[in-house]
Amino acid sequence: QGGRRGVAGWKDEYECAVRYKEGRVEQAWDSYAAVMSRLARVLGDKGEVAEAKAKFERALEITARTVGAESESYAAALRDLARVLRDQGEVAEAKAKFERALEIKASTVGEESDSYAAALGDLARVLKGQGEVAEAKAKFERALEITASTVGEESERYAVALTHLALVLRDHGEGSEA
């Protein structure tokens, strides 16, 4: 194995960490929420989506209580939960969470940050999936502009953002623009 763990190994590690943190909750709620989120990601990667959703919801509650529902950490937790909801087909609820995360990002890191651009891209993907093509296209274009100005046009993030925009254009008959 050479020190490499599979997903199952990481799940065991995170579950152990969660049990440990539960015993010391009063000392480090924010750390507990971070561990809970990591466990949820592993569960999601394993396909245990319902359990991942429950863990993300718990992490969101803890984050709201410890650092506040207007913090960047809360916005990140919202995005995590929204991704699981989207993957479960709960698109309307996912969209609402992505929109709220975007609002928080705007007030905490600003509308010209790479973090804001990533949140904008999340929302655009949901909009595309709902057939709201014009709105999705506008959000993808804005995310691309922000990404270009924050990390540059030679970055992997820019390439990913450009690909998302090209796909929405291609999928909706604007192939010459793509």
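The values are calculated or read from the model by the stated rules, or taken from the named source; none is laboratory data. Predicted, not measured: the structure shown is a model, and the values here were computed from it. For neighbour counting, all protein chains shown are included, and Cβ atoms are generated from backbone atoms with ideal geometry for every residue, glycine included. These area figures cover heavy atoms from the full protein model, side chains too; ligands, DNA and RNA do not enter into them. Shrake-Rupley method; radii C 1.70, N 1.55, O 1.52, S 1.80 Å.
With a Förster radius of 35 Å applied to the C-beta separation of Leu167 and Trp10, the computed FRET efficiency comes to 0.70.
Relative to the current alpha-carbon distance between Ala159 and Val18, full extension at 0.36 nm per residue lengthens the span by 47.1 nm. Ignoring ligands, DNA and RNA, please state the percent of accessible area on the chain from carbon and sulfur, probe 1.4 Å. Using a 1.4 Å probe with all protein chains present, the chain comes out at 47 percent carbon and sulfur. Per-residue surface analysis assigns Val91 an accessible area of about 40 Å², computed on protein heavy atoms at 1.4 Å probe radius.
Within the same chain, lysines fewer than 8 places from Lys53 are excluded, and of the rest, those with a Cα less than 23 Å from its Cα are Lys11, Lys21, Lys95, Lys97, Lys105, Lys128. Within straight-line reach of Lys46, meaning a Cα separation under 20 Å, sit the following aspartates and glutamates at least 8 residues removed in sequence or on another chain: Asp12, Glu13, Glu15, Glu57, Asp80, Asp87, Glu90. Taken per residue, the accessible surface of the chain reaches 53 Å², heavy atoms only and a 1.4 Å probe.
Pairs of Cα atoms in the stretch 19-157 fall into 10 Å distance bins, from 0 up to the last occupied one, in shares of 13, 36, 35, 13, 2 percent. In order along the stretch 150-156, the Karplus-derived 3J(HN,Hα) couplings, from 6.51 cos²θ - 1.76 cosθ + 1.60 at θ = phi - 60°, round to 9, 10, x, 6, 9, 8, 5 Hz, and Gly and Pro are given as x.
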